[in-house]
Amino acid sequence: MAEEGGGHPAEVALRPPNPRTTWEGCSVLLDINDGDRLVFARLSPAATLKIGNKKCFLSPLIGCPFGSLFRVDTGPDGPHLTRISSSSAPSHDNCMQETDDGQSIDELRDNRSLIDNNTAQSLSSNDIDAMRREGATGDEIVEALMANSSTFGKKTAFSQEKYKLKKQKKYAPKVLLRRPSTRSICETYFKKHPARIGFLRMDTLSLLLSMANVGAYSDVLVVDMVGGLLTGAIAERLGGIGYICSTYFRSMPYPSDIVRMFNFSREICSRVIQAPFSDLCSSQNLDNENSKSHENIQSSEIQSQTEDSLLTDCASKSSIALPEDPVVSEGDSLPDCRHENNTSTGCKSANPGRKAPPELIKLWKEKGFNSLIVAAPELELGSLIQDLLPLLSYSAPFAIYHQFLQPLATCMHRLQTSRMAINLQISEPWLREYQVLPSRTHPMMQMSACGGYILSGIRICISEGCNGNN
């Protein structure tokens, strides 16, 4: 794989011109049984996925469009994934029927007379095994279970649908092929491993991008300590028009394995730049700021001292607890697919994040960045932001995320006293999901209590003349 973030040559050759279909080596999100299990995987002929007690190859997924639905079938060669049409999938939106006079049939019956004594089902486990050996599909087994249940016809429509879904998940599991996007990746990690992304919720992430005014032709400075989710979200919004400079305060960049799941093209990967803070905040930049009267001598000395203390503090701290591999077949990591002879199958994705060229650093020192986004749960935000704000151009917006309120409140107070920014405000996002179904529209019974907090503002410059007039 190329070190400059350009992408593996074999992967570029295998990538089809249509980005709406999968290709060998791309990352996908597999939605098993309507969200019961979410799995990240990298497609290759040798990649496998365990669904229940069955192990299936993922080769049938290669070349299929995103959004395709698959079913687990058992054939002579063992379990395999079979693509089915969306129209053949059961619909659960409206399971209520009406009589000729407009009265719901479900209102005429209830479950009061039903007794759960495990005698209603006449089909035994041996009969089900015999059907499997004869080649019966999962849907046929589910239909047989409903036909041989003495209480199925007496249940309400909702109970019948619940019973059918339960049996389908066991005997006829479905797999939905989804495209890894900012929303799907954030929701999956927030559901399974929220600590790996700093408990960054989907609506909070979208608000971060909006408050920082991230868009095409922007040069965004980012401190990403949430596994690369923030960097990938910015790169997806820029679409290859603009640059992302991911800075760090230690000898090596922060882990950004999540960025590889986005299946970015070579052009977008080349726009993701990594540069240490020491390269961006050099003595040349400070001298330039002093010559323009943007920073006085005293504030430069304080900034230099703060920078030294921050670098020392960051060197002693470890990065966020992220594994070196992203999420796998069990939802923990993406495998590096290889053949038995240990040769790569071309399924490694591009690793965005090349070293910043001197020309770009010089340009950013002269003009500054257009916006700043920070998601650093382990760093002290007050000193961090005071060091980063001089790298922005004047009137540039910034947004800072933290899971807790107090670090942002302390940072806001320091910015107010130093008079480095205006329009400072702390926002608390709030999100509640609704179920929208016929006659059953209501808020979800469970929701996320807190999505973190965001400190936003605009960088300004107060010259000595303005201070005297005031």
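Structure above, values below:
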read-out: Leading residue by the ranking (surrounded by the most Cβ atoms within 10 Å (Cβ to Cβ)) among those in the stretch 156-175 that are among the aliphatic types (A, V, I, L, M) and within 15 Å of Glu143 (Cβ to Cβ); value: Ala172
read-out: Checking Arg250 against (1) at pLDDT 90 or above; (2) more than 30 Å from Leu69 (Cα to Cα); (3) touching a helix residue (DSSP H, G or I) at 6+ places or on another chain (Cβ under 9 Å), the condition it does not meet; value: (1)
read-out: Tally, over the stretch 183-221, of residues that are polar (S, T, N, Q), closer than 21 Å to Ser427 by Cα and open to solvent by 10 Å² or more (accessible area, probe 1.4 Å); value: 3
read-out: Members of the stretch 38-64 that are of a type in the set (D, E, K, R) and modelled with pLDDT under 90; value: Lys50, Lys54, Lys55
read-out: When residues of the stretch 378-401 are limited to those that are acidic (Asp, Glu) and surrounded by 15 or more Cβ atoms within 10 Å (Cβ to Cβ), the one farthest from Leu363 (Cα to Cα); value: Glu380
read-out: Hits in the stretch 407-444 (condition: among the small types (Gly, Ala, Ser) and open to solvent by 50 Å² or more (accessible area, probe 1.4 Å)); value: Ser439
read-out: Neighbours by Cβ (under 7 Å, 6+ apart or cross-chain): first from the stretch 192-211, without any contact (Cβ under 8 Å) to a residue 24 or more places away in the chain; second crowded, with 20+ Cβ neighbours inside 10 Å and of a type in the set (D, E, K, R); value: none
read-out: Which listed residue is open to solvent by less than 50 Å² (accessible area, probe 1.4 Å) and either at pLDDT 90 or above or under 22 Å from the mean Cα position of the chain (by Cα) (or both), from Gly67, Gly75; value: Gly67
read-out: Close pairs from the stretch 24-51: first under 20 Å from Leu165 (Cα atoms), partner of a type in the set (Lys, Arg) and part of a strand (DSSP E or B), Cβ under 7 Å, at least 6 apart; value: Asp31/Arg178; Asn33/Lys174
read-out: Residue in the stretch 445-470 that is modelled with the lowest pLDDT, counting only those that are of a type in the set (A, V, I, L, M, F, W, C), farther than 19 Å from Ser206 by Cβ and open to solvent by less than 60 Å² (accessible area, probe 1.4 Å); value: Ile462
read-out: Odd one out for Ser87, checked against (1) loosely packed, with under 14 Cβ neighbours inside 10 Å; (2) at pLDDT 80 or above; (3) not in a loop (DSSP other than H, G, I, E, B); value: (2)
read-out: Hey, Glu366 at pLDDT below 95 and assigned to a helix (DSSP H, G or I) or not; value: yes
read-out: Single unsatisfied condition, Ser113 versus (1) closer than 28 Å to Leu437 by Cβ; (2) buried (at least 16 other Cβ atoms within 10 Å of the Cβ); value: (2)
read-out: Tally of residues being surrounded by fewer than 17 Cβ atoms within 10 Å (Cβ to Cβ) and either under 11 Å from Gly25 (Cα atoms) or out of contact with any strand residue (DSSP E or B) (no Cβ under 6 Å at 6 or more places or on another chain) (or both) across the stretch 44-62; value: 6
read-out: Check on Phe190, over 24 Å from the mean Cα position of the chain (by Cα) and among the aromatic types (Phe, Trp, Tyr); value: no
read-out: Single condition Phe404 does not satisfy, out of (1) of a type outside the set (S, T, N, Q); (2) farther than 30 Å from Leu360 by Cα; (3) surrounded by 13 or more Cβ atoms within 10 Å (Cβ to Cβ); (4) touching a residue at least 24 places away in the same chain (Cβ under 8 Å); value: (3)
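The values are calculated or read from the model by the stated rules, or taken from the named source; none is laboratory data. The structure displayed is predicted, hence computed values, not measured ones. Heads up, the Cβs are rebuilt from the backbone with ideal geometry, glycines too, and the neighbour counts pull from every protein chain shown. What goes into the accessible areas is simple: the full protein's heavy atoms, side chains included, and nothing from ligands, DNA or RNA. Shrake-Rupley method; radii C 1.70, N 1.55, O 1.52, S 1.80 Å.
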